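Scroll down for the structure; my scribbles are underneath it.
The values are calculated or read from the model by the stated rules, or taken from the named source; none is laboratory data. Nothing here was measured: the structure is a model prediction, and the numbers come from that model. Reconstructed Cβ throughout: ideal geometry from the backbone, glycine too, with neighbour counts over all protein chains shown.
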Amino acid sequence: MLSISHAVTGAFIATKVSNPYLAITLIIFSHYIEDAIPHWDAGTGLGSGKKTRLQAFIYGIMDLSLAGLIVLIYFPISSFNILSLPSHLLDHQIWGAFLGLLPDFIEAPRNFLKFEPFWLRPINKFHGSFHHSIPRIPDGLAPQLLLLILIWIFR
C-alpha cells in the first residue's frame, strides 16, 4: 500500500482507540492486512526491474510527503504553529501514522541501500510474505481510495 494509506489508517486507529497497547497492536496488524490486499505502491516494479531504486526512492519520498499532509488534513493538530511542532510529535495521529509505516521503514534500508542486518531478515521476510502488489495503477489504487474515503467518513 502507499504510505498514505498506512499513515492515515495508523492515525485513525490512534485517535479512536484509547488503550495505547491495543492501539499499537492494531496499527501494526493493520499494516500487514493492508499489504495483503492487492495494491500498487511506490515500490511496485522494483523487484521485477521495471523500476530503478532511484525511481522508487523518489516516488517513496513524494508518497511520504503526501502521507504527512493528508494525515494533518484528516486529523488536524489543534493550535498548530511551526514553533510548537516538537510538542506535537507525540500527538496520537502523529505516532499512529509513524507506527502505521514502521514495517516499511524497517524494510527501507534493504530496498534502497541493499543493506539488511541479519536480525532484520526474518522481520522483512514476514513483511514480504503479506505483500500483494499489482502492476496496474488504477486497480492498485482503487482499494486505497476506498479505504481513505471510509476513514474520512468515520473519523
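Quick grid of which residues meet (1) assigned to a helix (DSSP H, G or I); (2) modelled with pLDDT of 90 or more; (3) under 24 Å from ILE70 (Cα atoms):
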position: LEU101; (1), (2), (3): yes, yes, yes
position: ASP104; (1), (2), (3): yes, yes, yes
position: ALA108; (1), (2), (3): yes, yes, yes
position: PHE115; (1), (2), (3): no, yes, no
position: GLY128; (1), (2), (3): yes, yes, no
position: ALA142; (1), (2), (3): yes, yes, yes
For the range 29-47, how many residues meet the condition of being small (Gly, Ala, Ser) and free of Cβ contacts under 8 Å to residues at least 60 places away in the same chain? 2
Please enumerate the residues belonging to the range 32-69 that are among the β-branched types (Val, Ile, Thr), under 22 Å from GLY10 (Cβ atoms) and part of a loop (DSSP other than H, G, I, E, B). ILE37, THR44
Starting from the range 15-28, keep only residues that are closer than 14 Å to GLN93 by Cα, then list their pairs with residues that are of a type in the set (A, V, I, L, M) and part of a loop (DSSP other than H, G, I, E, B) whose Cβ atoms are within a distance under 6 Å, requiring at least 6 positions of separation or different chains. ALA23/VAL17
Given the structure, is GLY10 within 11 Å of the chain's Cα centre (by Cα) and not aromatic (Phe, Trp, Tyr)? yes
With the structure loaded, tell me whether TYR32 is within 15 Å of the chain's Cα centre (by Cα) and surrounded by fewer than 16 Cβ atoms within 10 Å (Cβ to Cβ) or whether it fails that test. yes
